[in-house]
Every structure is written in C-alpha cells, then in structure tokens.
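First the structure, in the form of structure tokens, and then the observations on it.
The values are calculated or read from the model by the stated rules, or taken from the named source; none is laboratory data. Model, not experiment: these values are computed from the prediction. Cβ atoms come from the backbone with ideal geometry, glycine included; neighbour counts cover every protein chain shown. Surface areas here come from the heavy atoms of the whole protein model, side chains and all, with no ligands, DNA or RNA. Shrake-Rupley method; radii C 1.70, N 1.55, O 1.52, S 1.80 Å.
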Amino acid sequence: MARPTKNTFLERAGYRRRRMRDVARVLPVLIGILFCIPLLWDRNGELGTADALIYLFTVWLCALGISAGIARFLTTDRSDDR
Amino acid sequence: MVSFNLLLAVALAYVAFLFVIAFAAERSAEKGSGAWLRSPWIYTLSLSIYCTAWTFYGAVGYAARSGLEYLTIYLGPTVVMIGWWWVLRKLVRIGRSQRITSIADLVSSRFGKSTALGVMVTLMMVVAATPYLALQLQSVTLSFAVFADAAGDSWLSEDLTRSALWVALGLAVFTIIFGTRNLDANERHHGIVMAIAVEAVVKLCALVAVGVFVVWGVAGGFGPMIDLIDTSDIAQWQQSSGRWVGLTFLSGAAFLTLPRMFQVLVVENANEKNLITASWAFPLYLLTMSLFVVPIAVVGLKILPEGSNPDLFVLTIPLSQGLDGLAIFSFLGGFSSATSMVIVATIALATMISNHIVTPLWLSSKGPGAVVSGDIRQLVIGARRLSIAGVLLLGYIYFRLSGGGEALAAIGLISFAGVVQVLPAMIGGIFWRGATRWGAVAGITVGFVIWAWSLFLPSFGPDGILPQTVIDHGPFGIAALRPQALFGITEIDPLIHALMWSMLLNSVAFFFGSVLTFPQPLERLQGAQFVNIFEHSEGARAWTTSTAEAEDLLIMAQRILGSNEAQVLFQQEAQRQGKAGYLPEVTPEFVQNLERELAGSVGAATAHAMVGQFIQGASVSVEDLIAVADEAAQIMEYSNRLEQKSAEQERTARQLRDANEKLTQLSIQKDAFLSQISHELRTPMTSIRSFSEILREGGMSDEELSKYSGIIHDEAMRLTRLLDDLLDLSVLENGQVTLNMGQGNLKTVIDRAVSATAHSPTAITVKRRDGEETIPLYTDLDRLTQVFINLIANAGKYCDAKRPVLRIEPRKVAGEWVVDFIDNGAGITKENQQVIFEKFSRLSDHRKAGGAGLGLAICREIMTRLGGTITYLPGQGGAAFRVVLPPAVNPVLTR
C-alpha cells in the first residue's frame with residue numbers, strides 16, 4: 001500500500017526554515033546562560049557595575065536582534081509543524 | 001509648584017481621554033474597520049501590562065536597594081518570549097483551538113474539564129493577585145501624596161485611603177463598562193486593548209523622558225553617567241547567584257502563569273502570527289523600560305536628601321529640579337502602569353470567578369438533572385461584573401489592612417511565587433500525556449500550602465498573622481516546620497527558600513500523583529488533544545450517542561450565546577448537514593462543537609456540565625475510546641481495501657484498453673479485407689468471364705483453346721480454394737469438425753509438410769534437427785500437417801531475407817513438447833503480433849501471398865481443437881511461431 005511518505009530531504013527554502021526553527025529553540029537557552037555570566041565576575045576586579053549593565057544590555061539587544069531576524073522564517077502554518 | 005488640583009484635573013482629563021479612545025476603538029471594531037486593532041503591534045503593546053506600577057516606580061527603588069537584581073524581573077520574560085517556539089506557540093494554539101478563557105480554564109480543561117481544579121486555581125489566583133492589586137492602588141495614592149506634599153499639603157493616612165477608594169471605584173467602572181461588553185472571552189475587548197496600548201506608550205515615553213533628563217540633564221551625558229554609577233552606592237552591589245537565577249526563573253514562570261498575562265498572551269490573541277512579532281518586539285519594550293532604571297536610581301541617591309523613598313524617585317527627581325511638566329508626565333506614566341494592570345487582572349480574575357465558581361454553584365443549586373431555565377447570559381455577565389467589583393474591593397481591603405509602606409518589589413515577588421504554583425500542572429499538562437487530575441490537584445495543593453506557609457503568611461510581618469514564636473520556633477515547637485527554615489535548612493534567602501521548596505515539592509507531588517493514578521477517559525481524550533495539538537487541532541469526540549433534542553440544545557445555547565448567535569450556529573450546522581431550518585441532527589460532532597462554543601463563554605467545565613444535562617450518561621467511556629480506536633483501524637483497513645480495488649480496476653482498465661485497441665485494429669483489418677476479398681473474388685471472375693467470352697466466339701486453335709480453358713480452370717480453382725478456406729475456418733470455429741485421431745510421430749508429420757511445400761515457387765530452405773524429432777503423437781495427423789504446411793509456406797512467402805532459411809526446432813518446455821518455426825527475416829512488428837492470428841488479417845497485400853489471410857486463423861483454430869496452441873514467439877531474430885503439441889496420450893485409453 002503506497003502511503004505518502006515524509007520527504008527525508010527538503011528543498012533549500014524548507015531546509016533553511018527548519019534550521020531557523022532550531023535557532024529559535026536554542027536561542028532562549030543560550031541567552032539564559034549568557035545572562036548569568038556576570039555572576040562569575042570577580043567583584044573586586046576590573047569589571048564594575050556599569051560594565052555589567054552594558055554587557056547585559058548588549059546581550060539582550062543581540063538576542064532580540066537575532067530573534068527579529070529569524071522571525072520571518074517562522075510561520076506557524078500547520079503543514080510542517082513538529 | 002504644581003498645585004494638587006491641577007494634577008487632579010490632568011489625571012481626570014487623562015482618564016476621560018482613555019474613555020474616548022476605548023469608545024472609539026469599540027465603535028471602529030463594530031463597524032468592522034478595526035483590522036489594525038488585531039495587528040501585532042497592538043498585541044505587543046498589550047503585553048506591556050507586565051510592567052505595572054511595580055516596575056514603573058518599584059524598579060528604581062529595587063535598583064537603589066539591590067543593584068542590578070531588578071533586571072531579573074525583565075530577563076525572565078525575555079527568555080520566555082524569545083523561546084516562544086517551545087511553550088507559547090503551543091499555549092496559544094491550544095488556547096485558540098480549545099477556546100480557553102483563562103488559566104484556570106486551561107488547567108481544568110486539560111484535566112478532564114474538572115470543576116474542582118478550576119475552583120482551586122481560581123481561588124489561588126485571587127489570593128495571589130490581591131496583594132498585587134493593593135500594591136497598584138498604593139502606588140497611585142503614594143504618587144498623589146507626593147504631589148500633595150510638594151504643594152505643601154501633607155497627607156494623612158485618611159487622605160490616602162480615601163483617594164485609594166476613589167481610584168478603585170473609577171477602575172471598577174471603567175472595567176465593567178469595557179470589560180463585560182461581550183460574554184465570549186475569546187472575543188477581544190477592543191476598547192480595553194486600545195486603552196492599554198495607549199497607556200503602554202505613555203508609560204514607556206514617561207520613563208524614557210525621565211531617564212533622558214537624568215542622564216543628559218542632570219548627570220551631563222553618557223560618560224559622566226557611567227562614572228557616576230561606578231562611584232555610587234549601587235556599585236557596592238553584591239549579587240547572590242541563587243537569587244539571580246531564582247528570580248529570573250520566577251519572573252519567566254510568572255510571565256506564563258499570571259492570570260492577566262495569560263489573558264493578553266493567549267485569550268485575547270487575535271492571530272498566532274502576532275506572537276512571532278511580539279517575540280522580539282516585547283523584549284525590546286522591556287529593554288527600553290529597564291534601560292534608565294539604574295541611572296535614575298543613582299542620580300536620585302545622589303541629589304535627593306538622605307531617607308527619600310527610592311520607590312518614588314521617578315516623581316521626586318523632576319519635582320526637585322522644578323520640572324513640573326515632566327513630573328506630571330511621569331505621574332501619568334505611573335498611573336497608566338497601575339490602571340492598565342488592574343483592569344486586565346480584574347477582567348481575568350472575574351472571568352475565572354464567574355466561570356468556575358459562580359456559574360457551577362448556581363447550576364448545582366438547581367439540582368442534578370434539572371434543565372436550566374432563565375437567561376444564563378445575564379447571570380454570567382452579572383456574575384462577572386460583581387466579581388470585578390469584588391476583586392477590586394479585596395485589593396482595597398488588603399491595602400487598608402496592610403497599611404501600605406512595604407517595599408513595593410517585595411509584594412510583587414510574593415505574588416509571583418504564588419501564581420507559579422500552577423506552572424508544573426500547566427507545562428506537564430501540555431507536554432506530558434501521563435499527567436492526571438489527581439497529580440495536578442496534589443501538586444497545586446502542596447505548592448500553594450508551602451507558598452502560603454513560608455512566604456505569604458510571614459509577609460504580613462511579625463505578629464501579623466503568624467505569631468513571631470511560630471516563625472522563630474515552628475508550630476507547636478516543631479523546628480522542622482519553621483516557615484522560613486523548612487526541614488531545618490536556614491540561611492537561605494526567604495524568597496528563594498519558599499520558591500525552591502514549593503516548586504520542588506509541587507513538581508514531585510504532581511509527578512507521582514500522576515504516575516500513581518489512572519486518568520478518566522475524558523482526561524485522556526483532552527490530554528491527547530493538548531499534547532498533540534499540532535497533529536490534530538480537530539477534537540476527538542467526547543460524546544458518543546446523543547439522546548438530546550436539537551430544540552432543547554438550541555434553547556440552552558440561546559441562553560448562553562444569545563439568540564442570534566445560537567440560531568446562526570444551529571442554522572449553519574443544519575445547512576452543513578443538508579437540512580433546511582434551524583434544527584440540525586444532533587450528532588456527536590455537533591454536540592462537541594456546541595460545547596466548545598459554549599466553553600468560550602462560560603469555561604470548559606461549565607459548558608461540559610451544561611451539555612451533560614441534556615445528554616445524560618452518554619459521556620465517553622473507556623469502551624468508547626477503544627471503539628474509536630477500532631473505528632480508526634477499520635477506516636485504515638477500508639482505505640487499504642479501496643487502494644487494492646483501485647489497483648484492480650486499473651488493471652481491468654488496462655486490459656480493456658488493450659482489447660479496445662485490438663478491436664479497432666481488427667475493424668480496420670476487416671474493412672481492408674472486405675475490399676480485398678471482393679478484389680480477390682472479382683479478379684478470377686473477371687478472367688473467367690472474359691476468357692469464356694473469347695471461347696464462345698470460337699474460331700481459335702486447339703492450343704489456344706486449351707490455354708484459355710486452362711486459365712478458366714485455374715481461376716476457378718483459386719476461387720474454390722478461397723471458398724474452401726472460408727468454409728474450413730467457419731466449420732472449425734463452430735466446432736463442427738470431426739477429428740481423425742491416430743498414433744504418429746512428429747518426424748513423419750514434418751517430413752510430409754516439408755515435402756508438400758518443397759515444390760512451391762516460394763520454397764524456403766528448411767533446417768531441421770533430425771535427432772530430436774522422434775516424438776510420439778496422438779492427434780489428428782492430417783490437421784497437424786496442415787498447420788505445419790501453412791507455417792512453412794508462410795515463411796516462404798513472407799521471409800524477406802536474401803537467403804531465406806527456416807529452422808524447425810522441437811524442444812521440451814515446461815513439460816510440454818513444442819515445435820518452433822523460426823525464419824531469418826525481419827519478423828513481425830509488435831502491433832501486428834496481436835492481430836496475425838485473427839481472420840482476414842494480412843500484413844501486406846502482395847499478391848504472392850496468394851491467400852486471403854486466413855491461414856494463421858485456421859492454424860489457431862486447428863491447434864485449439866487438437867488441444868495445443870500456436871503463438872507468436874517474439875525476440876528470435878525473425879518471425880517465429882511456437883506450436884505447443886497436444887499431449888501424446890490417448891485420453892480414451894487412460895480413462
């Protein structure tokens with residue numbers, strides 16, 4: 001009985017879309033870790049509060065920049081979820 | 001100095017402006033021109049109710065007290081929004097397809113539409129939200145007090161409470177007007193969403209304005225600001241890692257479970273795609289909101305007198321610098337933050353209370369099985385309005401009791417820790433099919449009790465509700481149960497202590513409660529639908545048979561949805577079923593859809609209970625689940641069979657196509673033959689006639705006489721032969737032939753055939769395999785000889801090779817003796833192979849054929865009569881025929 005089988009290999013656009021989903025999955029984990037980095041700083045070292053502030057806002061801005069960049073690849077159509 | 005009355009006038013004008021905006025949005029939505037109200041930007045701005053007065057005023061105070069820790073309150077939601085693909089996407093899809101009305105509805109619906117769970121979650125949310133609402137009232141009144149102070153009019157506590165009462169009343173009126181316009185929670189509250197969006201912009205601009213003023217107006221630019229930060233007290237900030245990670249988790253989790261956030265994120269979501277935009281736009285909003293918090297705190301600590309309340313720096317800095325306009329703007333920002341949060345939180349809580357407490361109570365007061373009467377719409381809307389007023393009243397009472405003055409941020413975090421107790425049940429419910437109702441009940445109960453014991457009750461202060469002795473030594477002196485040192489573990493920050501123990505034990509209770517109990521059928525159905533929402537958004541059936549009358553259902557639906565909506569719904573279904581009028585067949589699918597529609601108004605549990613009144617005892621059972629599975633298997637089998645059948649039909653169609661092709665060709669051949677045979681008959685007749693005329697005229701020599709009569713004789717012979725062939729074939733076909741069966745040998749038959757054709761003008765060289773020809777035969781030897789003669793003669797006539805050679809090869813194939821006749825000519829083309837055995841078929845019309853194309857047809861008939869076959873054998877390099885000899889057994893003898 002011939003059943004419609006799922007394609008193992010996708011065309012270029014579909015492949016790109018899936019990798020963008022991977023980015024969407026990994027990004028929160030990554031920034032969650034990056035947000036905790038200042039905890040490791042030596043409090044009496046060279047890096048002060050203002051540096052921590054600048055660091056956190058930079059990571060924050062980059063994260064939402066990436067998120068905005070991949071947003072257009074991530075349509076929520078039902079056809080190829082999962 | 002700005003006078004207090006001016007401030008009041010500005011505040012009232014702002015409120016009036018919000019009313020106008022809300023009305024305009026409602027009007028525009030009614031006219032159908034409100035598409036922009038569903039845009040992702042409005043959605044993103046509506047999420048900003050996360051930033052309450054707590055974040056507007058409190059964040060600065062928080063930063064002044066604990067350095068950068070305030071950022072965790074924004075980082076958590078940022079991680080959740082950027083990770084929308086994991087959780088939010090699923091939540092929104094579930095919320096839309098199941099018509100979820102609140103977070104209590106989500107939990108109740110997932111765990112078998114359980115009323116008890118809905119009540120539990122509702123109560124918990126109300127308890128956790130009350131301090132938070134009080135906090136908003138407090139912040140507004142405090143900000144009023146600041147201006148009153150500045151105008152030289154010191155406020156007493158009565159003034160504070162009076163203004164709080166007025167604020168609460170105003171908010172109640174606004175929320176009731178715009179929040180209960182429609183019953184269906186899935187229909188957006190356009191007026192409110194619009195007002196919130198405007199307020200979101202106002203509070204963002206206000207905070208940024210104050211920030212810009214502080215950095216460039218007071219500190220003197222970016223560089224000096226950095227130096228100022230590093231030299232201020234805040235730079236002495238010592239961050240505990242536990243609090244940093246714990247608070248980030250807490251705020252992220254609360255972002256998902258706060259009733260008001262669930263309301264704007266999931267319930268009022270107009271389009272799933274809006275979430276994609278919000279996934280980066282909302283973190284951007286948060287970033288902007290928190291950007292100037294530290295500068296404001298640092299500057300406030302520096303320029304304001306010792307002992308000023310840092311929670312109010314946003315107001316007091318501009319006031320102290322004489323910037324009344326900025327101060328008023330900033331006040332409006334704080335006012336916006338407080339009111340927008342209160343409005344949405346009240347709506348969310350009121351929906352929960354009316355759907356999960358009031359309506360079920362009212363239904364059960366009617367007694368089991370009694371059919372509802374009266375207009376439920378009015379009841380539910382009335383309940384919702386009362387709930388709004390009640391929730392605000394609770395907040396006001398809490399404000400009165402607590403007396404204000406606590407650090408704002410602390411109350412907010414306690415509230416957060418309360419609402420996240422739903423998280424394990426919620427996340428477990430949408431990702432794990434094994435989660436059960438009892439697991440959820442156990443987890444939420446355990447979490448809530450620990451939260452209340454270790455965080456909420458102690459928050460009322462020493463001897464507030466818990467006596468100091470209990471806090472210090474535990475109840476009845478049991479040290480292991482000390483609220484802030486459970487199990488004897490001391491030295492942890494109280495908040496992290498409560499968060500850790502409550503979440504840990506909550507999850508453990510949820511997990512083991514789920515693993516050890518068995519879910520009811522409805523729970524399993526709902527669980528499968530929630531967890532696999534992306535595979536089937538269409539629901540499985542929760543009702544099997546229905547004994548309900550369509551009319552009863554219509555009457556009930558009208559009471560909840562309103563008569564027009566209900567009639568349209570029923571009419572559409574009737575049309576879909578191909579019926580006229582308003583009453584469709586009551587199919588399980590229809591009941592399911594109806595229940596879901598009702599759930600959008602009164603919640604899943606109530607809708608289920610109400611539909612259940614009409615369909616007594618027909619709810620789904622384990623047997624039904626199995627039946628559904630069987631049905632699915634049957635459908636698969638059926639489709640398999642269909643596929644088989646279609647393959648069979650394809651084969652038949654192919655055969656028919658072949659047959660048709662053959663028929664068409666034959667018809668053409670027959671037409672050609674008819675003209676051929678008339679020609680064949682006419683040619684000898686013409687010569688016979690003309691020569692007999694010559695003979696009749698007489699006067700010719702004997703030689704001529706004999707020549708002409710010879711021609712007439714030959715032509716007559718040709719005619720006879722043609723007619724003989726036709727006759728022969730007709731006799732064979734009709735089965736009238738008598739066979740002369742006899743013993744013989746293949747060799748003699750071939751000998752006779754070869755010698756009979758040897759003297760013909762078209763004779764062909766025959767190659768034989770003498771040694772293999774001695775095969776005994778029992779058949780009609782004359783007829784078989786006739787077949788062989790025909791084949792040899794045909795080869796002689798049609799073989800187009802320069803030196804025509806015919807090989808006659810007897811051999812044994814699959815237990816039968818066959819004789820192959822293979823010549824070295826061009827062979828017969830594929831399309832002709834199909835027709836050569838048909839009557840009248842002749843591949844070429846050269847005269848040397850001398851026959852009428854009946855030879856092979858006769859051969860085939862003979863072989864069929866003899867019990868053998870003759871077929872064309874393709875792929876032998878020339879024309880090849882295979883004669884399968886009849887079995888050499890005398891059937892009479894063996895019988």
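Some notes on this structure:
- Solvent-accessible area buried by pairing B with A, both sides, nearest 100 square angstrom, 1.4 angstrom probe: 3800 Å²
- Ordered by 1.4 Å accessible area with all protein chains kept, B:700, B:863 run largest first as B:700, B:863.
- Ordered from highest to lowest accessible area with the whole protein assembly present and a 1.4 Å probe, B:733, B:535 read as B:535, B:733.
- Each residue of the range B:651-668 is assigned a 3J(HN,Hα), and the resulting list reads 4, 4, 4, 4, 4, 5, 4, 4, 4, 4, 4, 5, 4, 4, 4, 4, 4, 5 Hz, derived from the Karplus form 6.51 cos²θ - 1.76 cosθ + 1.60 (θ = phi - 60°), x at Gly and Pro.
- Computed on chain B, with alpha-carbon pairs under 8 angstrom and 6+ residues apart, the relative contact order is 14 percent.
- Protein heavy-atom accessible surface, 1.4 Å probe, per residue over chain B: 43 Å².
- 5 Å binning of all Cα-Cα separations within the range B:109-239, expressed as whole percents from 0 upward: 2, 7, 8, 11, 14, 15, 13, 11, 8, 6, 3, 1, 0
- Annotation: amide H-H contacts under 5 Å for residue B:745 (H modelled 1.01 Å from N, sequence separation of 5 or more, or interchain): B:777.
- Rounded to the nearest 500, the helix-only mean residue ellipticity at 222 nm of chain B stands at -21500 deg cm²/dmol, with each DSSP H run of n ≥ 4 adding -39,500 (n - 2.57).
- For the pair residue B:575 and residue B:833, label points projected 7 Å from Cα toward Cβ lie 6.1 nm apart.
- Across the range B:823-832, coupling constants 3J(HN,Hα) worked out from phi with the 6.51/-1.76/1.60 Karplus curve, θ = phi - 60°, read 9, 10, x, 7, x, 10, 5, 4, 5, 7 Hz, and Gly and Pro carry x.
- Taking only the Cα atoms of the range B:1-98, the radius of gyration and Dmax are 19.0, 55 Å.
- Taken over the range B:678-797, the ratio of Cα radius of gyration to 2.2 N^0.38 Å equals 1.46.
- In Å, descending, principal axis extents of the Cα set of the protein assembly as shown: 164, 72, 62
- 22 Å Cα-Cα threshold exceeded, pairs from B:747/B:812; B:747/B:802; B:767/B:797; B:747/B:830; B:90/B:273; B:767/B:812: B:747/B:802; B:747/B:830
- From largest to smallest, the equivalent ellipsoid semi-axes obtained for the range B:738-894 from the alpha-carbon gyration tensor read 25, 17, 15 Å.
- Rounded FRET efficiency, nearest 0.05, which uses the C-beta distance separating residue B:702 from residue B:733 and R0 of 35 Å: 0.15
- Estimated dipole of the protein assembly as shown in Debye, rounded to 20 [Cβ of Lys and Arg +1, of Asp and Glu -1, Cα centre]: 1560 debye
- For peptides B:734-740, B:257-263, sequence by mean Cβ density within 10 Å, most packed first: B:257-263, B:734-740
- Treating each Cα of the range B:753-817 as an identical point scatterer and summing with the Debye formula, the log10 of I(q)/I(0) at q = 0.16, 0.21, 0.22, 0.24 Å⁻¹ comes to -0.61, -0.96, -1.03, -1.14.
- Between 0 and 90°, nearest 10: helix B:324-353 axis offset from chain B longest Cα axis: 60 degrees
- In the range A:13-71, the convex hull through the Cα atoms has an average projected area of 4.3 nm², a quarter of its surface area.
- Coordinate range of the alpha-carbon atoms in chain B per principal axis, descending: 164, 69, 58 Å.
- Considering only Cα atoms, the convex hull volume of the range B:655-730 works out to 82 Å³ per residue.
- 5 angstrom amide H check on residue B:780, placed H, neighbours 5+ away: B:742
- For the range B:443-451, backbone phi angles converted through the Karplus equation (6.51, -1.76, 1.60; θ = phi - 60°) give residue-by-residue couplings of x, 5, 4, 4, x, 5, 4, 5, 4 Hz, Gly and Pro being listed as x.
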